1. So if R0 is 22 Å, what FRET efficiency would residue B:96 and residue A:65 give, r being the distance between their Cβ atoms, rounded to the nearest 0.05?
2. Can you compute the FRET efficiency between residue B:15 and residue B:125 using 1/(1 + (r/R0)^6), with r the Cβ-Cβ distance and R0 = 25 Å? Round to the nearest 0.05.
3. For labels at residue A:53 and residue B:70 in the simple 7 Å Cα→Cβ model, what's the distance in nm?
4. For helix A:36-46, what angle does its Cα long axis make with the longest principal axis of chain A, in degrees from 0 to 90 and rounded to 10?
5. Please compute, for peptide B:43-54, the average count of beta-carbon atoms on other protein chains lying within 10 Å of each residue's beta-carbon.
6. Give me the base-10 log of I(q)/I(0) for chain B at each q in 0.08 Å⁻¹, Debye formula, one uniform scatterer per Cα, rounded to two decimals.
7. Relative contact order for chain B using alpha-carbon pairs under 8 Å, separation at least 6, rounded to a whole percent?
8. Kindly provide the helix-only [θ] at 222 nm of chain A, computed as the sum of -39,500 (n - 2.57) over DSSP H runs of four or more divided by all residues, to the nearest 500 deg cm²/dmol?
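Computed from the coordinates by the stated procedures, all read-outs in this text should not be read as laboratory data. It should be emphasised that the depicted structure is a prediction, and the values quoted were computed from it without experimental measurement. Ideal geometry is used to build each Cβ from the backbone, glycine not excepted, and the neighbour counts take in all protein chains shown.
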C-alpha cells in the first residue's frame, strides 16, 4: 500500500479576503498534517495579496475556529477551511 | 394551544428578506411565559464620521447557524427557565433604519429573558461568522 494522496481541502474566502483573492472558494492540495500557520503560508503562496490581512484573520477548519499558529491540523479531502476576517455581524 | 407542543424551541433564520418584529416576537410567545424580551439591531446612517448609504451583510451560513445554535444551548444552560429563543439575521443589502438582526426570548419572569437577550446579541457579535460591508458616501467640505 502506497502513501495516501495529499488531501484537497475546500478553502472558503469571506469579506475582505474574498475581495483580495477575487474568489469565494477553491480546492487546494495541502499536506495532510500541517500547522495552522503553515496552512496560511501555503494559501498565501497561491494568493500573495492575502499577506496584508495576516494579523487580522483566523481560520475555521471544519467549522471550528483555529488561530494561526502551532496548532496541528489533520486534514482530509473535502474538509472546509475558511478564512475568517474580523467578524462584524449583528 | 396544546401544552404538549409547547416544548422549548430555537428559531434560527438567516435570510435576505426584510425582518419582521411581529413575526419574531410571535414565535416565542408561550402561555407559560409572562415575559418576551426583544433586541432589534438597526442600520445607522453614520460610520467613523462618514455618511452611510446602506450596509451589506454576508455570512458563512452553515457555520453561522451552528454558532447561533451553540448560543441557544448556552442560554438554556445559564437561564434554564428560558422557554423559546428566536434569532433572525438579515443577509445582503440592509437599507438605513431597517433591522439587520432581531432576537426574542421568552421566560416566565422578566429577569431571565432580559439577561438572555443581552447575552445573545453580545455573543453573536463575538462569535457568529457574519460580516457587514459599510457602503459610504464621502462628502467634500
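1. Calculated value: 0.10.
2. It comes out at approximately 0.85.
3. 2.0
4. The helix A:36-46 is inclined about 80 degrees to chain A.
5. Working: counts 0, 0, 0, 0, 0, 0, 0, 0, 0, 0, 0, 0.
Taking all residues of B:43-54 together, the mean is 0.
6. -0.24
7. 39
8. The per-residue figure over chain A is -5500 deg cm²/dmol.
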